[in-house]
Amino acid sequence: MDGVDRFSLLLLEPGEIYFEDFAAIYILPEESANNNDGWAEKFENRLLRGRLKVCSKSLVFDPRDMRAPIIKFPFRTFERVEESKTTLTNELLYSEGEKSVVEVTCSMTVEMLEGGVLQPYKFCREEHKHKFQLIYAEVTTVLPQICQLQRASTLPPNDQNTMIQAIVRSRQSRQKFDRALLEDLSETEIFETKANKVTPLVTNPGTVLLTTSMLYFQPHNNADKYPVIKIGLSHIRQIIKRRYLLRQVGLEVFCRDQCMVKHLLLTFKESECRDKLYKFLTQQERVNMDDMRQDNMSYQWQAGAISNYDYLSYLNSQADRSENDLTQYPVFPWVLANYVSETLDLSDPGIYRDLSKPIGALNEERLKRLKERCKDMPEPRFLYGSHYSTPGFVLFYLVRQYPQYMLCLQNGRFDHPDRMFNSLAETWCNVTTNPSDFKELIPNFYNLDGSADFLTNSLRINFGVRQNGKPVADVELPPWAKDSRSVIKIMREALESEHVSNNLHFWIDLIFGFKQNGEEAEKADNLFYHLCYEGSVDLAAITDLNDRLALEVQITEFGQVPKQLFCRPHPRRSRSYGLYDSLHLNNVLGSTLNFVEDSAECNESCVGGSSLTVRNLWQRLTDLQQLQECKGHRDVVMGVAFTTDAQQVMSVAQDSLIKMFTVPKLEQMRSVRLSSMATSCCLHLPGTDVAVVGSWDNNVYTYSQEYGQVCLLLEAHCDAVSCMQWTNNVLVTGSWDCTARAWSVRGSAGVGRRHEENTRGGMMSALSAGQNIICEMDHDSPILCVALHPEGMLLATGNQDGILTIWLLPDGDLVHQLNCHEGGVNAVVWSAADDRLLTGGDDGNLTIVEAYQGTKICVHNLQENVRCVAWEGRLVIAGGESGDIIMFDMGTGLVIKRFPAHNGPITCLAVSPDNLHLVTGSEDRKVILWGLNS
């Protein structure tokens, strides 16, 4: 029973600091050995060997023998502390004759963990003399330190806190990182500073050292599991700046699996120190962090690439909520509203809570009373007197799993048995009817990988007996659950249900978004006490230490509103999540998710990996195969396009030719020289046999396949035509002359009607550069790509400077301008489902942009120049410098597959209108047709 380390910082008062300890013999008071109080009588020799720990507000003796409790001696209860002598003889004592001891006379002791059992602390309010013989240290050395801390406890609260803080600063200023603990003595040191390591209800001071290969944290005492925490810079996957007690002074480091810790939360005295460490860390070459940008994660959730649970976990982390900090523990919504039925139908909307309202507004009668009370309040007014997440509420749920936290938070006591978490149904009833209970849930209720111990009294703790005579045991479960694991499983299924997915964005607006504070919060009945909000008080500016500590306690107890992440309404989750089934995403509920849209072309598919007869290439990207290839051009292929009936494909190249091929055999039908210079782009006009081609000679040509005639359509620009697109009788052209022009070609010669109806004498008359032009849009560099919205109102242009510009037609008004890429914007395409754009550029990035807000919502890098793209749902087909066709999932940020396609960069690609074929063109002068064999 010896050698078990029971001491924890949780046994100290909140905010108390543990400095150091000494090997010691505790000589029990004679009275305690004779009073038959249970444990003391087991030690007839009155001697206990252990460690005497010096803390800022108490002495703590931790005996080696688990039969004895850990004993705390609060300084505030000391009558005297002095050196004395003892003549007690025993083989444990290390000297003969009189021995110097530290003698403490105090009026109260606190006994904890007797026999290693978690139970309420025992407060012994009797005056006794307690003696400690120090084994290795000298009493004359240790006693002054104890006396100094004891004197501080006798001062008025303000002076006491000031003195203790001065002692703490003095001690910590002498602490330096022990260089003997370096992983490699050849490491170059970059930055050293002081910080506190934060774990639930505990902060422990230490020294942080950053070197060129490691991040270290060395605590200033031996209370931690490790004498030093070592994190290899290559093992860091995320570094997040955190808010702590409404101040931006925290930094959390998340590590990969091979690291000795999963994460480390640090707080600093000033934000400048935190920011300096963050800067140095992110500058290190060995730090290679995961891509966890907010825009990417929001898009991944909207696209269905991550679950509701994972997205809420991410939002909590971004909003400075961490499981290491009970004052800002992750908050999750109550989703189900039915805890009394025998069974649940998760497709029934009636079993769910209204996610568009905060908990306090779910009961109209209660809300009415709260509003009446709010009207009579002085400013600053609030609607709810308690928050939806506080340390007390978190431990309300977790007390069975972590009873030591509750004992720490409530000064060694558990809550009254009838106020504990006894029943899910009772708790739901309380949060929807009680005028002072508005708590939400914690992630543990939905975490399938976590423990269900918080619902069962597996530790067999004696929490007391309720008024109905029943002891506090396991949480009473709803009738629809057979055990604690099934509760979590069903609640997770509800969280991931279609109903919740369609409404979760409303709750995100309340907790993390534009309805969390200010006027919008008031409109949404979501207004809390002012100290819950960041910026309500500047703690750093409060010079009075007592006032500051009092405010910190209030902030802790009232709860903290998460950091605001969104200033606009959060987009809802897409109903159609994506389109491929060759790469299945594993559903967290154990089945398989198959993201396939309902359409006429999705005529047959099987979930779970069975054979597929679906011919839509977007649904079977990994099955795509080369069908035919043709090297019909004598120079770089610049553009490819399908006819609208998908029966033919055309290509243009720097050899000035347009070629027409059959599908799927890729047999050449036509080869015609259009101009004296290179042709750069081509498209087919719907309902005609006419191809439109742009050229480096500044003009746009039409070619009639039926009549074999080439005609000048537009003298379009002052320099080469680089790109063009047609929608609803509007033709947009982009040029190296830094302009984009929109043309009305309705009824123009050779366009929109049968060729013979629009020609006179077998020739089409050319339009002058100023004729039929709708608008002209100027840019600062050559235009590389254009894209017209399917409805024809918005135009996107990408230029050589990496700028994406969005224009409103027909007037050509500027809507948004974004620095989208480092280098040219080579490709841009609109989503068929919403007002979003996908761009590809020289920097290798694929970027999704929300057109009306002008914001990037997703960015991924393909590690090579992206020259051309096609886009459907969340899936992208890209061609780049390597000559590979890259299938990419913008939702997961993963490459689905790479096909070696060409021996040179892919310059252009197109998907057929029936989604059965893909055609690519390259600098290797080849045109290749791709499709599915079965």
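The values are calculated or read from the model by the stated rules, or taken from the named source; none is laboratory data. Computed from a predicted model, the values in this text were never measured in an experiment. Using ideal geometry, Cβ is built from the backbone for each residue, glycine included, and neighbour counts are taken over all protein chains shown. In case anyone asks, the SASA skips ligands and DNA or RNA and just uses the protein heavy atoms, side chains included. Shrake-Rupley method; radii C 1.70, N 1.55, O 1.52, S 1.80 Å.
Identify all residues within region 843-857 that are under 24 Å from residue 880 (Cα atoms) and of a type in the set (Val, Ile, Thr); write none if there are none.
If the condition is that a residue be under 24 Å from residue 880 (Cα atoms) and of a type in the set (Val, Ile, Thr), then 847, 848, 849, 857 are the ones that fit.
Can you tell me how many residues in region 883-907 are under 22 Å from residue 684 (Cβ atoms) and either open to solvent by 10 Å² or more (accessible area, probe 1.4 Å) or of a type in the set (Phe, Trp, Tyr) (or both)?
1
Would you say residue 341 is among the hydroxyl-bearing types (Ser, Thr, Tyr) and either under 30 Å from the mean Cα position of the chain (by Cα) or buried (at least 21 other Cβ atoms within 10 Å of the Cβ) (or both)?
No, not satisfied.
Which condition from (1) within 30 Å of residue 487 (Cα to Cα); (2) of a type outside the set (Lys, Arg); (3) at pLDDT below 95 is the one that residue 336 breaks?
For residue 336, the failing item is (3).
Conditions (1) touching a Gly at 6+ places or on another chain (Cβ under 8 Å); (2) among the basic types (Lys, Arg); (3) within 17 Å of residue 920 (Cα to Cα), marked per residue:
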{"site": "639", "(1), (2), (3)": "yes, no, yes"}
{"site": "646", "(1), (2), (3)": "no, no, yes"}
{"site": "654", "(1), (2), (3)": "no, no, yes"}
{"site": "658", "(1), (2), (3)": "no, no, yes"}
{"site": "672", "(1), (2), (3)": "yes, no, no"}
{"site": "679", "(1), (2), (3)": "yes, no, yes"}
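Could you list, in sequence order, all residues of region 514-545 that are part of a loop (DSSP other than H, G, I, E, B) and under 20 Å from residue 437 (Cα atoms)?
Of everything in region 514-545, those that are part of a loop (DSSP other than H, G, I, E, B) and under 20 Å from residue 437 (Cα atoms) turn out to be 516, 517, 524, 525, 526, 527, 529, 533.
Which of (1) closer than 14 Å to residue 693 by Cβ; (2) open to solvent by less than 30 Å² (accessible area, probe 1.4 Å); (3) within 45 Å of the chain's Cα centre (by Cα) is the odd one out, the single condition residue 656 does not satisfy?
For residue 656, the failing item is (3).
Quick check on this structure: which one of 346, 367, 315 is within 25 Å of the chain's Cα centre (by Cα) and aliphatic (A, V, I, L, M)?
The match here is 315.
I'm trying to understand the selection: among the residues of region 831-882, which are open to solvent by 10 Å² or more (accessible area, probe 1.4 Å), in contact with a Phe, Trp or Tyr (Cβ under 6 Å, 6 or more places away or on another chain), in contact (Cβ under 8 Å) with a residue 60 or more places away in the chain and more than 30 Å from residue 636 (Cβ to Cβ)?
857
Any residue in region 378-392 that is at pLDDT 95 or above, under 27 Å from the mean Cα position of the chain (by Cα), under 15 Å from residue 438 (Cα atoms) and open to solvent by 50 Å² or more (accessible area, probe 1.4 Å)?
Among the residues of region 378-392, not one is at pLDDT 95 or above, under 27 Å from the mean Cα position of the chain (by Cα), under 15 Å from residue 438 (Cα atoms) and open to solvent by 50 Å² or more (accessible area, probe 1.4 Å), which makes the answer no.
Output the residues belonging to region 475-486 that are surrounded by fewer than 21 Cβ atoms within 10 Å (Cβ to Cβ) and in contact (Cβ under 8 Å) with a residue 60 or more places away in the chain.
Within region 475-486, 478, 479, 480 meet the criteria.
Considering only residues that are more than 13 Å from residue 422 (Cβ to Cβ) and out of contact with any helix residue (DSSP H, G or I) (no Cβ under 8 Å at 6 or more places or on another chain), look in region 458-468 and name the one that is least open to solvent (accessible area, probe 1.4 Å).
Here is the first cut: in region 458-468, the residues more than 13 Å from residue 422 (Cβ to Cβ) are 458-462.
Of the ones still in play, those that are also out of contact with any helix residue (DSSP H, G or I) (no Cβ under 8 Å at 6 or more places or on another chain) are 458, 460, 462.
Working: 458: 60, 460: 184, 462: 121 Å².
Among those that are more than 13 Å from residue 422 (Cβ to Cβ) and out of contact with any helix residue (DSSP H, G or I) (no Cβ under 8 Å at 6 or more places or on another chain), it is 458.
Filter region 96-135 down to the residues that are within 16 Å of residue 48 (Cα to Cα) and assigned to a loop (DSSP other than H, G, I, E, B), then identify the one that is modelled with the lowest pLDDT.
135
What are the residue pairs meeting all of these: first residue in region 722-744, first residue under 22 Å from residue 686 (Cα atoms) and outside any strand (DSSP E or B), second residue at pLDDT below 95 and not aliphatic (A, V, I, L, M), Cβ atoms under 6 Å, and 6 or more apart or on different chains?
728/792; 729/746
Considering only residues of region 670-719 that are outside any strand (DSSP E or B) and modelled with pLDDT of 95 or more, which is most open to solvent (accessible area, probe 1.4 Å)?
For region 670-719, the residue satisfying everything is 718.
Within region 624-650, can you find the residues that are open to solvent by less than 30 Å² (accessible area, probe 1.4 Å), more than 18 Å from residue 870 (Cα to Cα) and in contact with a Leu (Cβ under 7 Å, 6 or more places away or on another chain)?
As a first pass, look at region 624-650 and keep what is open to solvent by less than 30 Å² (accessible area, probe 1.4 Å): 624, 630, 632-633, 636-637, 639-643, 646, 649-650.
Remaining after also requiring more than 18 Å from residue 870 (Cα to Cα): 630, 632-633, 636.
Listed by number, the residues that qualify are 630, 633.
Looking only at region 528-556, which residues are among the charged types (D, E, K, R), modelled with pLDDT of 80 or more and over 23 Å from residue 241 (Cα atoms)?
If the condition is that a residue be among the charged types (D, E, K, R), modelled with pLDDT of 80 or more and over 23 Å from residue 241 (Cα atoms), then 547 is the only one that fits.
Quick one: in region 775-830, of everything that is open to solvent by less than 10 Å² (accessible area, probe 1.4 Å) and not hydrophobic (A, V, I, L, M, F, W, C), which residue is nearest to residue 717 (Cα to Cα)?
Residue satisfying both the conditions and the ranking: 781.
Scan region 798-812 for residues that are of a type in the set (Val, Ile, Thr) and touching a residue at least 40 places away in the same chain (Cβ under 8 Å) and jot them down.
806, the sole residue that qualifies.
Which one of the conditions (1) part of a loop (DSSP other than H, G, I, E, B); (2) open to solvent by 10 Å² or more (accessible area, probe 1.4 Å); (3) within 29 Å of residue 354 (Cβ to Cβ); (4) touching a residue at least 40 places away in the same chain (Cβ under 8 Å) does residue 413 fail to meet, given that it meets all the rest?
Answer for residue 413: the failing condition is (3).
So which of 176, 129 ends up being loosely packed, with under 15 Cβ neighbours inside 10 Å and touching a residue at least 12 places away in the same chain (Cβ under 8 Å)?
Answer to the check: 176.
For region 511-568, give me the residue count where each residue is over 27 Å from the mean Cα position of the chain (by Cα) and among the polar types (S, T, N, Q).
Counting residues in region 511-568 that are over 27 Å from the mean Cα position of the chain (by Cα) and among the polar types (S, T, N, Q) gives 3.
How about region 215-260: which of its residues are of a type in the set (Ser, Thr, Tyr) and in contact with a Gly (Cβ under 8 Å, 6 or more places away or on another chain)?
244
Tell me, please, whether a residue that is among the hydroxyl-bearing types (Ser, Thr, Tyr) and either open to solvent by less than 30 Å² (accessible area, probe 1.4 Å) or under 23 Å from residue 156 (Cβ atoms) (or both) can be found in region 534-553.
Looking through region 534-553, at least one residue is among the hydroxyl-bearing types (Ser, Thr, Tyr) and either open to solvent by less than 30 Å² (accessible area, probe 1.4 Å) or under 23 Å from residue 156 (Cβ atoms) (or both).
Evaluate region 437-457: report whether one residue or more is assigned to a helix (DSSP H, G or I), in contact with a strand residue (DSSP E or B) (Cβ under 7 Å, 6 or more places away or on another chain) and open to solvent by 10 Å² or more (accessible area, probe 1.4 Å).
no
How many residues are at pLDDT below 95 and surrounded by 19 or more Cβ atoms within 10 Å (Cβ to Cβ) when one looks only at region 506-527?
Summing the residues that are at pLDDT below 95 and surrounded by 19 or more Cβ atoms within 10 Å (Cβ to Cβ) in region 506-527 gives 1.
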